[in-house]
Structure formats: C-alpha cells, structure tokens
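Enquirer: If you scroll down you'll find the structure; I have some questions about it.
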Amino acid sequence: MSGELVVTHNWFVRVVGKLGRNVLGIVSWLGDMASITTSSLALIFAPPWQGRHVVLQLYALGVGSFIIIAITGAFTGMVLSLQGYYTLAKFGSESLLGSAVALSIIRELGPVLGALMLVGRAGSSITAEIGIMRVTEQLDALQMMAVNPRARIILPRIVAITIATPLLVSMFDIIGLGAGYVVGVEMLGVNAGAFTGEMVAKILPEDLYAGWVKAVVFGFLVGSVCTYMGYRAVPTTEGVAKATTQAVVIGSVGILMMDYILTSFFL
C-alpha cells in the first residue's frame, strides 16, 4: 500500500513540476517579447527617424495584402447574406438582413478574419524575412555598422502593420457590406430600402469604434509576435521554418483570445 502511495506521489510531483516549468517558460517568453517590443518602440523618435522604412513596410504589408483581404471580405459578406436570409425568412424578418450582416462584419468578422488573413500573409513574411536576416548575419552586420537592428528592422514593421490593419479591416467591411447587398437585394430579392435602412439605423458609432479598436490591437499583436519570433529564430533553415510556423499559430490563437477579451469590454 505504501508503495502505491509513493508511485502516486512521484507521478503527481512530475506532473506538477512539468506544468510549473511550462508556465515559467510561457512567462519568460512573454517577458522577453515584451522587452524587445517596448525597447524597439522606445526608439520611434530617436534619430535617425525611420519614416522611410515605415512607408516601405506599409506598402509591402498593407498594399500587398489588399487582394486577399478583398476576396475574404467579399465572400464573407456573400455567405452571411445568403445564410442570414434563409435563417431570418423562417421568422418573417427578411428586412433585418442588412443590419444582421453589417453588425456581424463590423463588430466581429471584419477585425477577426482580416487579422487572421494578415497573420498568414504578412505575419509569416515578417518572421521569415527577419529569420533569414538572422541566418545570413545581416542583423550582426547592421550592429557592426552602428545601426540598431531593432530600430531599423523591428520598429518599422510593428508600426506599419499596426497602421495597416485598421485600414485593411475598413476595406474588408466596405467590400463585405457591398457583397452582402448584392446577394441580399439583387439575388434574393430583399427590398433595397429595407436593407440599407435597417443597416443605417442599427449601426451605431460604438460598433465602428469596437471594430477599429480590435483591428489596432490585433495589428499590434501580429507585429509584436511575428517580429519577435523572427528575431529569436534559431539561425538555421529548420529554425526559420519552425519560427514562421509558430508565429502564425501563436498569432492566430492570440487574436482569438484577445477577441474574446475585447468583446467582453464592448458589450
């Protein structure tokens, strides 16, 4: 009997010890990421100003992601309108289709799906690019030339994607609402006045504000996670590939977690 207690005790100690090590590892990872991010952002007004590099990253990350955002927004609006129509028709409330589509896109699907698309397209690019710079020792070369790699490499990408995300989410919303209007009014026969009237009546400034705040937070999260994973990537081919995969996974999960937290504040 005592032997069974000893075995059970040892098993419990190992489980608790492993759990504790994992928690400490996560806390250490978060602290390291916060340290790198804040130290990089602290250089935003330090000379030389990195405005040119911010603009270049805005074009690469923002304009380069517009097509995937537009396609995702269009099909999201069409699916919402199609599905919402047949759901509301069961209750004889087809006139509410416009407000249902608009609220779903502006408050929730626009920021979340837009940010998830950015993680896959722009976030993975950021991590892979910085990771390759680590492999080819370009970051070390910058330091040898007295150029701070955090100011030149990390800062512009975080600032650029934080600015680009709410702009792209706004385009996502506009395209999604337009596509939903086409499906609902032109294809399904919903009254155009009822569709647009309910949309205008039900959308409040608070709804727009909630969507934009989510977009800014998600953009900053994507920028912080993806730059950090690239900066700390193991300088090998396998290390960069692993860091890119982890950046997409962690960024996507982080967006969903932050979405729940932010939504609880805006309800």
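The values are calculated or read from the model by the stated rules, or taken from the named source; none is laboratory data. Since the structure is predicted, the reported quantities are computational estimates derived from the model, not experimental observations. So basically every Cβ, Gly included, is an ideal-geometry build from the backbone, and we count neighbours across all protein chains shown.
Enquirer: Go through the residues of segment 83-95 one by one and say whether even a single one is part of a loop (DSSP other than H, G, I, E, B), farther than 22 Å from Met229 by Cα and hydroxyl-bearing (Ser, Thr, Tyr).
Expert: yes
Enquirer: Given Leu116, Leu139, which one is assigned to a helix (DSSP H, G or I) and within 30 Å of Phe195 (Cα to Cα)?
Expert: Leu116
Enquirer: Still on this model: Condition test on Ala34, is it within 19 Å of the chain's Cα centre (by Cα), farther than 30 Å from Ala100 by Cα and in a helix (DSSP H, G or I)?
Expert: It is true that Ala34 is within 19 Å of the chain's Cα centre (by Cα), farther than 30 Å from Ala100 by Cα and in a helix (DSSP H, G or I).
Enquirer: Taking segment 1-28 only, how many residues are of a type outside the set (Val, Ile, Thr), within 24 Å of the chain's Cα centre (by Cα) and modelled with pLDDT of 85 or more?
Expert: 1
Enquirer: Of the residues that make up segment 48-66, is at least one more than 30 Å from Val169 (Cα to Cα), of a type in the set (A, V, I, L, M) and modelled with pLDDT of 80 or more?
Expert: Looking for residues that are more than 30 Å from Val169 (Cα to Cα), of a type in the set (A, V, I, L, M) and modelled with pLDDT of 80 or more, one finds none in segment 48-66, hence no.
Enquirer: Same structure again: In segment 131-149, what residues are in contact with a Leu (Cβ under 8 Å, 6 or more places away or on another chain) and modelled with pLDDT of 90 or more?
Expert: The first filter runs over segment 131-149 and keeps only residues in contact with a Leu (Cβ under 8 Å, 6 or more places away or on another chain), leaving 133, 148-149.
Listed by number, the list holds a single entry, Met133.
Enquirer: Turning to a different aspect of this structure: Could you tell me how many of the residues in segment 213-267 are buried (at least 16 other Cβ atoms within 10 Å of the Cβ) and not in a helix (DSSP H, G or I)?
Expert: The total comes to 2.
Enquirer: List the residue pairs whose Cβ atoms are under 7 Å apart, where the first residue sits in segment 206-227 and is touching a residue at least 12 places away in the same chain (Cβ under 8 Å) and more than 28 Å from Glu129 (Cβ to Cβ), the second is among the β-branched types (Val, Ile, Thr) and in a helix (DSSP H, G or I), and the two are 6 or more positions apart or on different chains.
Expert: Once the first residue is touching a residue at least 12 places away in the same chain (Cβ under 8 Å) and more than 28 Å from Glu129 (Cβ to Cβ) and sits in segment 206-227, its partners that are among the β-branched types (Val, Ile, Thr) and in a helix (DSSP H, G or I) give Asp207/Ile106; Leu208/Ile106; Gly211/Ile106; Gly211/Val169.
Enquirer: Only one of Val101, Val159, Val79 is closer than 29 Å to Thr38 by Cβ and either hydrophobic (A, V, I, L, M, F, W, C) or within 14 Å of the chain's Cα centre (by Cα) (or both); which?
Expert: Working: Val101 fails: closer than 29 Å to Thr38 by Cβ; Val79 fails: closer than 29 Å to Thr38 by Cβ.
Just one listed residue meets the conditions, Val159.
Enquirer: Being in a helix (DSSP H, G or I), over 19 Å from the mean Cα position of the chain (by Cα) and not basic (Lys, Arg) is the filter here; which residues of segment 50-73 pass it?
Expert: Across segment 50-73, the qualifying residues are Gly51, His53, Val55, Leu56.
Enquirer: Which of the residues belonging to segment 192-217 are farther than 14 Å from Gly114 by Cβ and out of contact with any Leu (no Cβ under 9 Å at 6 or more places or on another chain)?
Expert: Ala192, Gly193, Thr196, Gly197, Val200, Ala201, Leu204, Pro205, Glu206, Leu208, Tyr209
Enquirer: Moving on to the next point. Hey, could you check segment 85-101 for residues that are modelled with pLDDT of 85 or more and among the small types (Gly, Ala, Ser) and say which is nearest to Gly184 (Cα to Cα)?
Expert: That would be Gly98.
Enquirer: Any idea how many residues of segment 213-267 are of a type in the set (Phe, Trp, Tyr) and under 18 Å from the mean Cα position of the chain (by Cα)?
Expert: 4
Enquirer: Does Ala115 meet the test of being farther than 23 Å from Ser264 by Cα, within 11 Å of the chain's Cα centre (by Cα) and at pLDDT 90 or above?
Expert: The answer is no for Ala115.
Enquirer: Oh, and also: Considering (1) within 17 Å of Leu113 (Cα to Cα); (2) outside any helix (DSSP H, G or I), say which one Gly189 fails and leave the rest.
Expert: Every listed condition holds for Gly189 apart from (1).
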